[in-house]
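Q: Here's a structure for you.
Derivation of every value follows stated rules applied to the coordinates shown; laboratory data play no part. Quick caveat, the model's predicted, so the values are computed rather than measured. As a convention, Cβ positions derive from the backbone with ideal geometry for all residues, glycine included, and neighbour counts pool all protein chains shown.
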Amino acid sequence: MSSWPILSLITFLPLVGVFFCLVVNGPKEAVDRNCRSAALLTSVVTFLISLLLWARFDVTKAGFQFEVKLDWVPALNIGYHMGIDGISLFFVLLSTLLTPICILSSWDAVRVRVKEYMIAFLVLETFMVGMFCALDLALFYVFFEGVLIPMFLIIGIWGGDRRVYAAFKFFLYTLLGSVLMLLAIITIYWQLGTTDIPTAMEKLNLPFIWQCWLFLAFFASFAVKVPMWPVHTWLPDAHVEAPTAGSVILAGVLLKMGGYGFLRLSIPLLPEATQYFAPLIFGLSVVAVIYTSLVALVQEDMKKLIAYSSVAHMGIVTIGAFILNMQSVQGSLFQMLSHGVVSAALFLCVGVLYDRMHTHEIAVFGGLVHRMPRYAFVFMFFTLASIGLPGLSGFIGEFLVLLGTFKVNTWVAFLAATGLFLGAAYALWLYRKIIFGELTKNSLKAILDMNRREVVVFLPLVLITLWMGIYPNSFLDPMAATVDKLVGDYQSAIKLAHTASLAP
Amino acid sequence: MMLGLESWTLARPELFLAAATALLLIYGVVRGEVATPFVSIATTLALLVTAVLLFVPYREGTAFASLFIVDRLTTTMKALVLVGSAIAILMSRAYFERIKAWRFEYPLLVALATLGMMLMISANDLMSLYVGLELQSLALYVIAAFQRDSIRSTEAGVKYFVLGSVASGMLLFGASLVYGFCGGTAFVQISRALIEGRGGELGVIIGLVFVVAGLAFKVSAVPFHMWTPDVYEGAPTPVTALFAVAAKIAAMSLMVSVLMGPFKPLFVQWQQIVVVASVLSMGLGAFAALRQQNFKRLMAYSSIGNVGYVLLGLASGSEKGIQSVVFYLAIYLVMTMGVFAVILMMKRRNVMVENIADLAGLARSEPMMAIALLIFMFSLAGIPPLAGFWGKLYIFIAAVEARLYVPAVLGVLASVVASYYYLRIVKVMYFDEPAEALDRPAFSINRAVAFAAAILVAVFSLAPQPLSLVAAAAAKGLFP
């Protein structure tokens, strides 16, 4: 389609900023300023270029677009294969959107080691975008795993008091899952002689028992990333200790890697195992939705509360992905995007308070509406979006998932829906505690409302949330063809396996 | 016995190195201490020239009545060893000058050890194997104790000597059994005897076990690893670097050529031993290192763990497996050299320090050094996109293809545990508040080595192809 390698450009452009940050020299003030500007500039340019993807994306095609295929390690038959389809398109955009927002939000908040901070975020962006574009298992793994390095440093260097613990827990948990996935990838490579994902989608046809083992290996990696109950415990720690922008990326993009992995690899490559393990996933997801919502109700830390709410929301995502009909998968994807925007915004809201008071304990705040009307509005807006108020983004995803689920399994739909109810309870409770009531605490008497930079940070997120809620077709249409193919391929694979097992 | 010209041309690099070392030794003895700078530089050059001679012109074949073999595999391994030794000599100077022990004997002993390594890599007979091994070991025993007035260094030397002799004894005993049952010491004879059905005899199996045990000692695989932490910690740091890199690669290469050569018919038997040693090494390397405070000791356990991965590649016994061994060792060489270059730069108030806690806050006081070490640590932990990941990937591909599923799973799990202590170093450098800063290293060879290695490791992902081609060509040597 396009003659120039736009995906590679988007993936590696942030490294230009990294290079600039590395070579820039001079007095500390100037270096910090230059690094901030350079990082913002590169990430904004990257975002603008990535918009071209959306503009030039052919919504009628189910396959991969903007493909680039080069030799990388011919000796092992590993290629550099990039491309996007309806599933990955918006994740790329989400990554490129959130990076400049993160950089802008930490403009004043990060004062130490600014250079390293900016480098870490730009490298992170490269890995995130590359992960969503990769169409080769080895390449996918390189990006998937590479994300750990900058994220480990971001939590560990700029995090809170227990940052070391949180950083190690994050790293080791995710690594443990990922290495098992590496073995699964190697097994697929051994069977096929190539690590090309489209080839694997076409040709991979493993016996059932093998599929189960591989599914579990992929599951180990993606379930930790999503995170699903009971391997979610790293998330609250990581969120609480990470700096604001770290939480934003963590909630906005990193969690989506798990859901994306399920849809990109587990389901198309291992359909029979997917069918076999789907009830397990439903069970874990339902527990996640209800249990973590209840846990969220008793949190004393804002970030922890939002972290638990993320686990609950991602439970809806995994249900949708494994119900595997048109509505549920689209809903699952939509829910991931919506969660990516909304939870990112909620963490930014917490960050606004943290920058002023240097704490995210709920008890410290109260009655902020009197001093911070603009902030109260933004926080209300995203709280409602997170609950799933019709007209905002959260509603569409949850509705589609529940609709699709209801057709297949009413009990799962019913239990998942209770989670939404609980979600409203804790989110509104949090809002009530922080924003409403009398402003009695002396420490808050002089608190300032959002400044212009902060408004600029939130504005795009508000607009996107509205857009997704009011006219979701802009987002659903590009997904439709790909999701249709995914579901269709899955159904025919199951049918084929079924007839094969019936045959004498 | 006819020793034609062919033999001499095949052994050209070894002969050159032997002659150069002998001449430089005479020169050093005649001139005394003043000869040291010249001898060290000349020895480094001699090693590099030897490396060039390996390839220009490239020859293959057997020499000296089949005592000596040259093929792609041995040539590649020798090149790695020579580069490792040459860099080790370059890195030594500042260290020994500081402790006033910079003597001309040191580079010459390194050269002699290297010569021994080359001979054992090229061994094609149990006799030449043993001669090469002993030449290497004797030189290494001496340089482990080279810091004569340090108790730790002499202790390391003695320990290495005593335990090394025991291992040599075991190897020799095993070799004699094999000789007795197979009727020859030449690799071809052993191989032929085994194929003809001698393989089932108990004596051969016992002999094999002893040979493998002796070799496992030399590569410091569990359960023959006990000497490694003490010797690595006690020996002068540049010597530790030599042990960790050149000596290990040479011993590993020897193990490959013995097991994949004459004992190939007994693959099923030795595979069990190697798999067990591999899993135990990976596990011990991961768990025992968790609580180490001394960086050199940590690297000892790290090297034990790395040997475990290499052995896993060997245990697959396939062409891919041997490729992965070569591939892994080349990457291991670069990473480990880099780490030791950084350790050699760790000085506080002009005194060498080697505790992990001494690195606290390095990211602020010496950001470039910290970044280099960060790259090495993530690479040793096997995190992509750094070079170490590719080494592990190659090994695990070979292991899975050989259906060694359980060892492969244990291996990746061990690598997660091991990543903890690599991360701990990153944590100390980046997350902890600075302790008293280390001395600012002036420009030095060590700095250059560290940066060059860091850059190689960091950008390796751009082009893993050339190294995999080298590995593929090397493995062809055993699978003609």
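Q: Could you run through region A:70-92 and say how many residues are hydrophobic (A, V, I, L, M, F, W, C) and more than 14 Å from chain B (Cβ to nearest Cβ)?
A: Final tally of qualifying residues: 7.
Q: Among the helices (runs of 4 or more DSSP H) contained in region B:179-295, which hold 1 or more residues that are surrounded by fewer than 22 Cβ atoms within 10 Å (Cβ to Cβ), more than 15 Å from the chain's Cα centre (by Cα) and free of Cβ contacts under 8 Å to residues at least 12 places away in the same chain?
A: B:187-195, B:202-219, B:267-287
Q: While we're here: Got at least one residue in region A:70-90 being surrounded by fewer than 23 Cβ atoms within 10 Å (Cβ to Cβ) and of a type in the set (Ser, Thr, Tyr)?
A: Yes, that holds for at least one residue.
Q: Is at least one residue of region A:55-63 closer than 25 Å to A:Ile119 by Cβ and of a type in the set (A, V, I, L, M, F, W, C)?
A: no
Q: Please find, among B:Leu393, B:Leu386, the residue that is within 11 Å of chain A (Cβ to nearest Cβ), closer than 21 Å to A:Gly177 by Cα and free of Cβ contacts under 8 Å to residues at least 12 places away in the same chain.
A: Among B:Leu393, B:Leu386, only B:Leu393 is within 11 Å of chain A (Cβ to nearest Cβ), closer than 21 Å to A:Gly177 by Cα and free of Cβ contacts under 8 Å to residues at least 12 places away in the same chain.
Q: For the structure I just gave you, tell me whether B:Val142 is buried (at least 24 other Cβ atoms within 10 Å of the Cβ), touching a helix residue (DSSP H, G or I) at 6+ places or on another chain (Cβ under 8 Å) and more than 14 Å from B:Glu14 (Cα to Cα).
A: no
Q: Any chance you could count how many residues in region B:409-432 are part of a helix (DSSP H, G or I), farther than 21 Å from B:Trp390 by Cβ and at the interface with chain A (Cβ under 8 Å from one of its Cβ atoms)?
A: Looking only at that region, the number is 3.
Q: Anything in region A:92-119 that is small (Gly, Ala, Ser) and surrounded by fewer than 23 Cβ atoms within 10 Å (Cβ to Cβ)? List them, or say none.
A: Answer for region A:92-119, where residues must be small (Gly, Ala, Ser) and surrounded by fewer than 23 Cβ atoms within 10 Å (Cβ to Cβ): just A:Ala109.
Q: Which residue out of B:Phe378, B:Phe327 is under 21 Å from A:Leu22 (Cα atoms), facing chain A (nearest Cβ under 10 Å) and buried (at least 24 other Cβ atoms within 10 Å of the Cβ)?
A: Matching residue, one of B:Phe378, B:Phe327: B:Phe378.
Q: If you scan region A:188-222, which residues turn out to be touching an Asp or Glu at 6+ places or on another chain (Cβ under 7 Å), away from chain B (no Cβ under 14 Å) and not acidic (Asp, Glu)?
A: Across region A:188-222, the qualifying residues are A:Ile197, A:Phe208, A:Gln211.
Q: How many residues are out of contact with any Gly (no Cβ under 8 Å at 6 or more places or on another chain) and of a type in the set (Phe, Trp, Tyr) when one looks only at region A:139-167?
A: 4
Q: Across region B:458-480, which residue is farthest from the other protein chains (Cβ to nearest Cβ) among those that are part of a helix (DSSP H, G or I) and out of contact with any helix residue (DSSP H, G or I) (no Cβ under 8 Å at 6 or more places or on another chain)?
A: B:Val459
Q: Which condition number in (1) away from chain B (no Cβ under 14 Å); (2) part of a loop (DSSP other than H, G, I, E, B); (3) without any contact (Cβ under 8 Å) to a residue 12 or more places away in the chain is the one that A:Val59 fails?
A: Unmet condition: (3).
Q: Which one of the conditions (1) within 22 Å of the chain's Cα centre (by Cα); (2) assigned to a helix (DSSP H, G or I); (3) within 14 Å of another protein chain (Cβ to nearest Cβ) does B:Thr336 fail to meet, given that it meets all the rest?
A: (3)
Q: List pairs: first in region A:163-174 and more than 7 Å from chain B (Cβ to nearest Cβ) and more than 10 Å from A:Ala238 (Cα to Cα), second among the aromatic types (Phe, Trp, Tyr) and surrounded by 18 or more Cβ atoms within 10 Å (Cβ to Cβ), Cβ under 7 Å, 6+ apart or cross-chain?
A: A:Tyr173/A:Trp234
Q: Assess whether A:Val364 counts as being under 26 Å from A:Thr99 (Cα atoms) and of a type outside the set (Gly, Ala, Ser).
A: In short, no.
Q: Would you please name the residue that is nearest to the chain's Cα centre (by Cα), looking only at residues in region A:81-103 that are outside any loop (DSSP other than H, G, I, E, B) and either small (Gly, Ala, Ser) or at positive phi (or both)?
A: A:Ser95
Q: If a residue must be among the aliphatic types (A, V, I, L, M) and at positive phi, how many such residues does region A:316-367 contain?
A: Of the residues in that region, 1 qualify.
Q: Check off (1) more than 17 Å from A:Leu422 (Cα to Cα); (2) part of a helix (DSSP H, G or I) for A:Ile306 and give me the number that stays unchecked.
A: (1)
Q: Applying the selection to region B:339-368, what residues are over 14 Å from B:Tyr95 (Cα atoms) and away from chain A (no Cβ under 14 Å)?
A: B:Val339, B:Arg349, B:Asn355, B:Ile356, B:Ala357, B:Asp358, B:Leu359
Q: Still on this structure: Check B:Ala398 against each of (1) within 13 Å of chain A (Cβ to nearest Cβ); (2) part of a helix (DSSP H, G or I); (3) out of contact with any Lys or Arg (no Cβ under 6 Å at 6 or more places or on another chain) and name the one condition it does not meet.
A: Of everything listed in (1) within 13 Å of chain A (Cβ to nearest Cβ); (2) part of a helix (DSSP H, G or I); (3) out of contact with any Lys or Arg (no Cβ under 6 Å at 6 or more places or on another chain), B:Ala398 misses just condition (3).
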